[in-house]
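Undergrad: Have a look at this one before I ask anything.
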Amino acid sequence: MDRKQHHELRSEIVDALVQSVIEIPQTQHLNRVDLPNRDSIVRCVGLLRQIMFPGYFGTQGLADKNLAHRISALTHEVFDMLYEQVRCCVRYGKQIPGNDGDAAAIEACDQQATDVVLQFFARLAPVRKMLAGDVQAAFDGDPAAKSTDETIYCYPGLLAIMVQRLAHELLKLEVPLLPRVMTEYAHSLTGIDIHPGAKLGHNFFIDHGTGVVIGETTIIGDNVKIYQGVTLGALSPAFGQLLRGQKRHPTIEDNVTIYAGATILGGETVIGTGSVIGGNVFITTSVPPHNQVSAEPPKLKYRDRRPRGNKPIELDFQI
């Protein structure tokens with residue numbers, strides 16, 4: 001194939017891709033309101049983590065005498081960056097274009113963004129108090145932890161919970177899109193998927209964490225501990241958008257432990273106070289308080305596979 005043919009082929013490929021973009025609007029964002037900047041949101045999450053846990057991430061060597069200066073610097077940096085993203089998300093939610101739209105509508109969005117960020121920062125101290133309980137729950141609940149420092153610095157469950165608690169506050173302030181970007185970023189780092197709409201109680205602990213899914217309308221009480229692979233999901237996701245706004249995910253009351261691989265589905269499903277849910281169970285109905293639910297143990301089949309005489313061991317793997 002000569003250079004002319006190469007050029008013609010590339011032109012045909014470009015034309016086909018452009019036509020595909022035009023014909024399939026679900027996979028393009030053209031001539032529409034700007035989306036927020038994901039990289040900036042990720043940066044905000046990192047800075048907020050430094051505010052939530054000063055001295056662990058970012059600047060080292062903090063002490064009482066320089067704490068106020070560092071928190072002030074972080075707050076100013078995050079405020080400006082977060083304001084830009086909240087403003088973009090508010091405009092996106094109301095479908096108001098950049099600076100070419102209605103001036104009054106743009107000004108109203110900008111003022112709303114300012115108010116939202118101020119309210120969000122006012123909530124950071126209470127969120128830190130909640131996180132302190134999560135840190136202690138992680139330490140108390142895991143004999144492998146040598147200190148609370150270890151849980152803050154190393155545990156993916158605590159990172160996912162921190163991001164969700166922050167995103168949840170933005171969701172309550174009616175910021176579109178941005179909270180979901182935050183929790184999906186945490187999901188990509190930890191393998192833990194907690195929707196920003198989920199309501200998490202005090203002293204929440206996710207041990208190990210990989211594969212945990214907690215749906216939008218889940219309600220979790222205080223002192224709950226769950227292990228890897230747990231799903232708190234919807235019973236009939238096939239109905240999709242028809243279920244929007246309904247309670248689709250379970251309620252987990254106080255002092256519940258849910259072991260690895262358990263699946264609990266349905267908006268009317270309530271796991272009662274003090275219950276223990278065993279590993280790999282599948283639950284779609286409520287469990288009364290102070291009960292234990294477990295799956296029947298599998299039947300184990302034993303066979304003597306020691307060699308007989310000169311006869312080699314036979315391979316008989318069954319998948």
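The values are calculated or read from the model by the stated rules, or taken from the named source; none is laboratory data. These numbers come from a predicted model, not from an experiment. Note: ideal-geometry Cβ built from the backbone for every residue, glycine included; neighbour counts use all protein chains shown.
Undergrad: Looking for something of a type in the set (V, I, T), crowded, with 19+ Cβ neighbours inside 10 Å and at pLDDT 95 or above - is there at least one such residue anywhere in the range 123-135?
TA: yes
Undergrad: Let me ask another. Within the range 50-58, identify whether any single residue is assigned by TED's automatic domain parsing to the domain that holds L166, over 27 Å from the mean Cα position of the chain (by Cα) and assigned to a helix (DSSP H, G or I), and answer yes or no.
TA: no
Undergrad: Another question about this same structure. State whether the residues of the range 196-213 include one that is surrounded by fewer than 22 Cβ atoms within 10 Å (Cβ to Cβ), small (G, A, S) and closer than 18 Å to C44 by Cα.
TA: No, every residue in the range 196-213 fails to be surrounded by fewer than 22 Cβ atoms within 10 Å (Cβ to Cβ), small (G, A, S) and closer than 18 Å to C44 by Cα.
Undergrad: Specify which of the listed residues (T210, T269, T257, T285) is closer than 26 Å to S188 by Cβ and among the polar types (S, T, N, Q).
TA: From the options T210, T269, T257, T285, the qualifying one is T210.
Undergrad: Would you say L35 is part of a loop (DSSP other than H, G, I, E, B) and within 22 Å of L166 (Cβ to Cβ)?
TA: Values: part of a loop (DSSP other than H, G, I, E, B): yes; within 22 Å of L166 (Cβ to Cβ): yes.
Criteria met by L35.
Undergrad: Which one of these is under 23 Å from R165 (Cβ atoms), in contact with a Gly (Cβ under 9 Å, 6 or more places away or on another chain) and assigned by TED's automatic domain parsing to the domain that holds A167: G61, G46?
TA: Result: G46 is the single residue among G61, G46 that is under 23 Å from R165 (Cβ atoms), in contact with a Gly (Cβ under 9 Å, 6 or more places away or on another chain) and assigned by TED's automatic domain parsing to the domain that holds A167.
Undergrad: Against the conditions (1) within 12 Å of the chain's Cα centre (by Cα); (2) assigned by TED's automatic domain parsing to the domain that holds F53; (3) in a loop (DSSP other than H, G, I, E, B), where does L158 fall short? Just the number, please.
TA: Condition not satisfied by L158: (3).
Undergrad: Identify, from the list E77, E84, the residue that is acidic (D, E), over 16 Å from R38 (Cβ atoms) and under 28 Å from the mean Cα position of the chain (by Cα). Don't jump to the end; show me each part of the working.
TA: Details: E84 fails: over 16 Å from R38 (Cβ atoms).
Matching residue, one of E77, E84: E77.
Undergrad: Go through the range 1-54 and report how many residues are among the basic types (K, R) and modelled with pLDDT of 95 or more.
TA: Summing the residues that are among the basic types (K, R) and modelled with pLDDT of 95 or more in the range 1-54 gives 3.
Undergrad: Here are some conditions: (1) part of a loop (DSSP other than H, G, I, E, B); (2) without any contact (Cβ under 8 Å) to a residue 60 or more places away in the chain. F120 meets all but one. Which one does it not meet?
TA: (1)
Undergrad: In the range 260-296, how many are within 26 Å of the chain's Cα centre (by Cα), on the phi < 0 side of the Ramachandran plot and not β-branched (V, I, T)?
TA: Looking only at that region, the number is 11.
Undergrad: Here's something else I'd like to know. Being closer than 24 Å to R91 by Cα and aliphatic (A, V, I, L, M): is that true of L17 here?
TA: no
Undergrad: Determine whether E184 is more than 10 Å from the chain's Cα centre (by Cα), under 28 Å from L118 (Cα atoms) and at pLDDT 95 or above. Break it down stepwise before answering.
TA: Numbers: more than 10 Å from the chain's Cα centre (by Cα): no; under 28 Å from L118 (Cα atoms): yes; at pLDDT 95 or above: yes.
When the stated conditions are applied, E184 does not pass them.
A quick yes/no check of all residues on (1) loosely packed, with under 13 Cβ neighbours inside 10 Å; (2) in a loop (DSSP other than H, G, I, E, B); (3) at pLDDT below 70:
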site	(1), (2), (3)
G267	no, yes, no
G279	no, yes, no
T285	yes, yes, no
P289	no, yes, no
A295	yes, yes, no
K299	yes, yes, no
D304	yes, yes, no
L315	yes, yes, yes
